[in-house]
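Here's the structure we're looking at; comments come further down.
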Amino acid sequence: MKADIGLIGLATMGQNLALNIERNQYTIAVYNRTTERLDEFINGKGFEKNIIGCYDVENLCNTLKKPRIILLMIKAGKPVDDSISMLLPFLEPGDIIIDGGNSFFSDTIRRLKKLENKGIHYLGAGISGGEEGALKGPSIMPGGSLEAWKHVEEIFTKITAKINGDPCCSYIGSDGAGHYVKMVHNGIEYSDMQLISEIYYILKKFLNLTAYELAKIFAEWDKGDLNSYLIKITSKILLEEDPVTKNPLVDMILDSAKQKGTGKWASQEALEMGVPVPSITEAVYARNISSKREERLEASKLLTGPTPQFSGEKSILVEATRKALIAAKICSYAQGFSLLKAASDEYKWELNLSNIAQIWRNGCIIRARFLKQVKVAFQQDKDLSNLLLDSYFSDVIKTSQEDWRFVVNLAVENGIPIPALSSALSYYDSYRNPSLPANLIQAQRDYFGAHGFERVDKEQGLIYHYEKWAPLDED
């Protein structure tokens, strides 16, 4: 029996994708570097299913129908290059390799060019949804060889999540486009998680709410315009009890967040592109400073600040934080889509931002109700430069702005760190303001470096230098 597709890498995501593919009536051949994990899977979750265990890559390749389709579900970086090198002796022109991990997009471009020279098709497919999504239907963002996509489209659209029957998967664009979109997805994910954690912290600190009371608030929010996967799991997390101490489990978890690097990549790429994504970047920094726990403990003994106090109505603050969260989330998504738009132009990908919003509506970690409106916004105007300019989102922020500012001011006055919430507000205020203090920056640059400046009363693009800056009196 020949398999329809092969899969390398049987960690949790790989196993669940294999089960998903098999459940959708495909025969799949699987290989894992460690035979113990392969045996465990074949004799466990994959037992008596149309799953063929292979103990070397030659056997895997010989088990597949032609053109061979092989999905890599392994750690990004050198392991991907090593796996490709291991496969090449057993492949022939027309065969297809798919990288389903979180590879950096420029690595995907490099690998695609290398494989194209050998006649092998290559796809970089961002896959989001965690272990549950992999099993029940993830969001998939494939980019690279269009010829490869034609061969795998049927499988991918069957196993992906759906919205009203429409698949949360479509061809993104050439070379590294799929992994780039996944990178931006993860950047928004970082920001979204940080925003939710800041709102949780504000409510906990000011209102002294129990984890159970907080869970009820997030569960209620999930019924409205904040409906999303991350809000939903937050309400579930807050209900869990630690079996040892009987305290809320969340209170027993060390406040030191880890990361795998995709959020950092999004921030670095935004800097390269000159696209402001402050909420995403601040979310990365927030994880960085959280990891400095020993330093923070020492600093807390020396550095002082206000003790959080709130004497107002509980319901007023709860509603204000809800509005602050939705406004800040809009800014976060606006930043992410602005980066995608810039990358589309820079790399000639012709990204369909409306389709990307559709892909993210289900299966992925940042799936949220308001992505339907993001899809509509880019359907109505594919050249929309920023989500904040869409009437739906500008109206939401207009009705949320007063509460958003109230929450940010309250937190700052009481010494509560809110890097994502406050940077989102600064982003909004900078974007809406026709006048920024950058004129002084340009004057400073011209003073010390003769870098020149443009004038408000002259045609843009013309550079002037002021020759008569007053000399500095040295001490």
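Figures for the structure shown
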{"quantity": "Residue among Asn247, Asn288 that alone is over 19 Å from Ala420 (Cα atoms) and polar (S, T, N, Q)", "calculated": "Asn247"}
{"quantity": "Any hit, the stretch 95-115, residues being of a type in the set (Phe, Trp, Tyr) and more than 32 Å from the chain's Cα centre (by Cα)", "calculated": "no"}
{"quantity": "Residue in the stretch 141-149 that is within 26 Å of Ser344 (Cα to Cα), in contact with a helix residue (DSSP H, G or I) (Cβ under 6 Å, 6 or more places away or on another chain) and aliphatic (A, V, I, L, M) present", "calculated": "yes"}
{"quantity": "Matching residues in the stretch 14-24 - criterion: being of a type in the set (A, V, I, L, M), surrounded by fewer than 24 Cβ atoms within 10 Å (Cβ to Cβ) and either at pLDDT below 95 or within 24 Å of the chain's Cα centre (by Cα) (or both)", "calculated": "none"}
{"quantity": "Residue check, Ser191 under 30 Å from Pro417 (Cα atoms) and surrounded by 19 or more Cβ atoms within 10 Å (Cβ to Cβ)", "calculated": "yes"}
{"quantity": "Selection count where residues are of a type in the set (A, V, I, L, M) and touching a residue at least 24 places away in the same chain (Cβ under 8 Å), scope the stretch 294-314", "calculated": "0"}
{"quantity": "Residue check, Arg405 outside the structural domain of Asn355 (by TED's automatic domain parsing) and either modelled with pLDDT of 95 or more or charged (D, E, K, R) (or both)", "calculated": "no"}
{"quantity": "From the options Lys205, Lys232, residue that is surrounded by fewer than 19 Cβ atoms within 10 Å (Cβ to Cβ) and closer than 21 Å to Ala357 by Cβ", "calculated": "Lys232"}
{"quantity": "Meets criteria (closer than 23 Å to Arg369 by Cα, part of a helix (DSSP H, G or I) and in contact with a helix residue (DSSP H, G or I) (Cβ under 7 Å, 6 or more places away or on another chain)) for Ala411", "calculated": "no"}
{"quantity": "Residue satisfying condition, being farther than 29 Å from Asp390 by Cβ, among the small types (Gly, Ala, Ser), surrounded by 12 or more Cβ atoms within 10 Å (Cβ to Cβ) and without any contact (Cβ under 8 Å) to a residue 40 or more places away in the chain, within set Ala443, Ala470", "calculated": "Ala443"}
{"quantity": "Selected residue [assigned by TED's automatic domain parsing to the domain that holds Gly312 and not small (Gly, Ala, Ser)] from Asp166, Asp192", "calculated": "Asp192"}
{"quantity": "Which listed residue is assigned by TED's automatic domain parsing to the domain that holds Ser344 and either more than 23 Å from the chain's Cα centre (by Cα) or on the phi > 0 side of the Ramachandran plot (or both), from Lys246, Lys236, Lys232, Lys260", "calculated": "Lys246"}
{"quantity": "Tabulated pairs, the stretch 269-284, first acidic (Asp, Glu), second buried (at least 18 other Cβ atoms within 10 Å of the Cβ) and in a helix (DSSP H, G or I), C-beta under 6 angstrom, 6+ apart or interchain", "calculated": "Glu282/Pro419; Glu282/Ala420; Glu282/Ser423"}
{"quantity": "Criterion: closer than 30 Å to Leu135 by Cβ, without any contact (Cβ under 8 Å) to a residue 60 or more places away in the chain and among the hydroxyl-bearing types (Ser, Thr, Tyr) - qualifying residue of Ser354, Ser332, Ser385, Ser391", "calculated": "Ser354"}
{"quantity": "Selection status of Ser426, at negative phi and either buried (at least 20 other Cβ atoms within 10 Å of the Cβ) or free of Cβ contacts under 8 Å to residues at least 12 places away in the same chain (or both)", "calculated": "no"}
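For (1) β-branched (Val, Ile, Thr); (2) surrounded by fewer than 21 Cβ atoms within 10 Å (Cβ to Cβ), each residue gets a yes or a no:
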residue: Ile8; (1), (2): yes, no
residue: Thr12; (1), (2): yes, yes
residue: Tyr26; (1), (2): no, yes
residue: Gly53; (1), (2): no, yes
residue: Asp56; (1), (2): no, yes
residue: Lys78; (1), (2): no, yes
residue: Gly101; (1), (2): no, no
residue: Lys113; (1), (2): no, yes
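The values are calculated or read from the model by the stated rules, or taken from the named source; none is laboratory data. This is a predicted model, so every value here is computed, not measured. All Cβ positions, glycine included, derive from the backbone under ideal geometry; neighbour counts span all protein chains shown.
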